[in-house]
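Okay, so here's the structure we're looking at.
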There are 2 protein chains.
Amino acid sequence: MSFKNFPMVSRVMFGRGSFNQLDEIITPKRQGREAPFIYYVDDVFKGNPWLTSRISLSYKDKIIYVPTKEEPKTSQIDQLVEDIILEFSERPSGIIGIGGGIVLDIAKAVSIMLTNEGEAKDYQGWDLVKNPAIYHVGIPTISGTGAEVSRTTILTGPDRKLGINSDYTPFDQVILDPELTKDVPKDQWFYTGMDCYVHCIESLNGSYLNSFSQSYGEKAFEICKEVFLGDNLSEEEAQDKLMMASWHGGMSIAYSQVGVAHAMSYGLGYLLGIKHGIGNCIVFDHLEEFYPDGVKLFKEMKAKHNIVLPKGICANLEEEELDIMINVALSLEPLWENAIGKNWKDIITPQKLKELYLKM
Amino acid sequence: MSFKNFPMVSRVMFGRGSFNQLDEIITPKRQGREAPFIYYVDDVFKGNPWLTSRISLSYKDKIIYVPTKEEPKTSQIDQLVEDIILEFSERPSGIIGIGGGIVLDIAKAVSIMLTNEGEAKDYQGWDLVKNPAIYHVGIPTISGTGAEVSRTTILTGPDRKLGINSDYTPFDQVILDPELTKDVPKDQWFYTGMDCYVHCIESLNGSYLNSFSQSYGEKAFEICKEVFLGDNLSEEEAQDKLMMASWHGGMSIAYSQVGVAHAMSYGLGYLLGIKHGIGNCIVFDHLEEFYPDGVKLFKEMKAKHNIVLPKGICANLEEEELDIMINVALSLEPLWENAIGKNWKDIITPQKLKELYLKM
């Protein structure tokens, strides 16, 4: 038996308004006038001075707005890295991601690929990264993905949707300012929050679970219930708490794994470009046989917040398209082993997944 | 408003038997043949090959057994640092603490004082440490203090009992192996576990609390109730869970503070040498007016485990001795402010503390 030596985020700041301290935090990390800080910012904040006026640009620092209609691709990371190499004479002092899971994952991946040769797709998998990343900072503006604390960055490559999982992936610094989540649209708030909820259900019901992951998962689960089913929280309290649920939910994966919903949602994402949060919801809604209590509670949350999920998204797919999705999902072996156990292949056949996808 | 940028333990490993991986973890950190690893080990493990045979000594590595009858003193740290400087031609590759709060705090303090000039007493306080510490590893063998995760190391100096609180204090690596706690005597298990319980009560009822600290504190509190009042856990589950409670309880202090029990327990420790765990229990037993629900539950736990606390420990003290204790306790201003609020001096007078101490 060998245990993982989990790398934690080195520094974390929490508080409403703590975003104002970003400059003070990163200034000592500046490597020189030619070594800029690169800010990747969710383009929803473009032209929003409430946020952008608090980013202080010096020397060659640059803001790059990131569209978040699609999830990050390995080719996109390679392009972003090339842009930096061509534009600047020195390596950046730091990469700062301000946004949701997409933007945070881009910041992580770019910071890794600036110090590691080759293409991003070469590093999809577990522990393939050789060199420490550039100093990188994560500032979530929506809660749920756990990207701010995880040791992965999920990318869609030419062959698969899979993370760069490594000890160099986690952020060196995270700023948790729940105020930044105040304008998230309700649907997106629900879908991304449910990513956290599903993390908890999959982690707590997985065969990999130990007391470390359990304690984080239970706390995140409890907060999700309070936020999505309770009636006693002010808006600000709910923002604060959901940001902590995301954090603890991410930590819960340290010694655990996600499960059925994530594996199948990756299939939807790979083939149809369905984003992870809503994809998780679409899949999870049909997983009673695997997570009966979790799905029951999910349906209550969905009803309480009047969330209507798309239906019949796989109805018109060709056989070959279904096969692609099924193969992406089946390739995520650790997820299935965690969810079902060592004998998962007896239960999770291509036919079984086809039936499930056709319900969605 | 300015928020703290909290330094987290860089690496954490959790699991029963994970202690076996110590050598594999630290080997890459060796600086050379003349730069030893120094192991501070609780002397309760002297002659216990179950533990010591798994410490692999190479080159000039050395085990130093630490008696734990008394809590660490600044003069003791200075002596340990001098011993290392005199014995070895190079700075150690790392300092490894294997034990409870006393041993962990010694490991932290020695690793700081090897790279910072002067005496340990000069650094008692907040953010006085200038240089990064030597690589240091914490391996708790009893659960509750939170020393494995905190940014302090509590020392008794010539003038006061106060921590070296700094960003360089936290361990670079922690190994959480609950199996190491299997032979802790019952009284000590209770006293140290109650240190965690009291952390939670003081943090959750303090004015400094935010959602970050609250989420950790609530989880630790819940586990304490399960371990000390529940009947459903196996011995191993209880060991695993209490180790996580200690961890989360320590994290809860990140944005919070301890309170009345800790302030008064430091007074007892300073004057009478009463150790922190039992000291907290003796004090907390009399704090109904500050923490009514917490004290009620504490008394239930005490009864369930047939714990009998010493009584009348202050009955025969001279006035001057009482004054010393009272002054040590009153000097811990952040603790009182957290517990009572900004106007704490109106309520917590020397006379009030004298009355409380005389009950104990």
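Structure above, values below:
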| quantity | calculated |
| --- | --- |
| Radius of gyration and Dmax over the Cα atoms of segment A:11-181, both given in Å | 14.8, 42 |
| A:Thr27-B:Asp159 FRET efficiency (beta carbon distance; Förster radius 30 Å; 0.05 resolution) | 0.25 |
| Relative intensity, log₁₀ I(q)/I(0), of segment B:142-256 from a Debye sum that treats every alpha carbon as a point, q = 0.13 Å⁻¹ | -0.50 |
| Other protein chain Cβ atoms within 10 Å, averaged over every residue that makes up B:169-180 | 1 |
| B:Lys182/B:Glu319 FRET efficiency (R0 51 Å; Cβ-Cβ; nearest 0.05) | 0.65 |
| Distance histogram for the protein assembly as shown (every C-alpha pair counted, 20 angstrom bins, percent rounded to whole numbers) | 17, 49, 30, 4, 0 |
| Across B:Lys69/B:Lys352; A:Lys108/A:Lys354; A:Lys69/B:Lys29, pairs whose alpha-carbon gap is larger than 32 Å | A:Lys108/A:Lys354; A:Lys69/B:Lys29 |
| Highest-fluctuation residue, A:Gln124, A:Gln173, A:Gln31 considered, GNM on chain A with Cα pairs under 10 Å | A:Gln31 |
| Fewest-first ranking of A:Ser207, B:Ser246, using other Cβ atoms within 10 Å as the exposure measure | A:Ser207, B:Ser246 |
| Within straight-line cross-link reach of A:Lys304, lysines at Cα separation under 16 Å, skipping those fewer than 8 residues along the same chain | A:Lys186, A:Lys225, A:Lys296 |
| Normalised contact order of chain A, rounded percent, pairs of Cα under 8 Å and 6 or more residues apart | 15 |
| Within the protein assembly as shown: Cβ-based charge dipole about Cα centre, in debye rounded to nearest 20 (Lys, Arg +1; Asp, Glu -1) | 20 |
| Residue among A:Leu86, A:Pro140, A:Ala107 farthest towards the positive dipole end of segment A:11-181, charges placed on Cβ | A:Pro140 |
| Average beta-carbon neighbours from other chains, 10 Å sphere, peptide B:206-215 | 5 |
| Loop sites in segment B:36-96: trypsin sites (Lys or Arg not before Pro), DSSP, at most 16 other Cβ within 10 Å | B:Lys46, B:Arg54, B:Lys69 |
| Cβ charges +1 (Lys, Arg) and -1 (Asp, Glu), total dipole of chain B, debye | 360 |
| Cβ-based net charge around B:Leu322, under 15 Å, with every Lys or Arg adding one and every Asp or Glu removing one | -3 |
| Alpha-carbon centroid distance for the pair segment A:1-32 / segment A:287-360, whole angstrom | 36 |
| GNM flexibility winner over chain B from B:Lys275, B:Lys182, B:Lys108 (Cα, springs under 10 Å) | B:Lys182 |
| Over segment B:186-359, volume per residue of the alpha carbon convex hull, in Å³ | 101 |
| Three-way shape call for chain A based on the alpha-carbon gyration tensor, with the a/c threshold at 1.5 | prolate |
| Rounded, prolate or oblate (a/c below 1.5 giving rounded, otherwise prolate when a/b exceeds b/c) for segment A:306-360 by Cα gyration tensor | oblate |
| Among B:Leu86, B:Leu104, B:Leu297, residue whose mean-square fluctuation peaks in a GNM of chain B (springs only between Cα atoms under 10 Å) | B:Leu86 |
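Each reported figure results from applying straightforward, stated rules to the coordinates on display, with no laboratory input. What you see is a predicted model, and the numbers here were worked out from it, not measured in a lab. We place every Cβ from the backbone using ideal geometry, glycine too, and count neighbours over all the protein chains shown.
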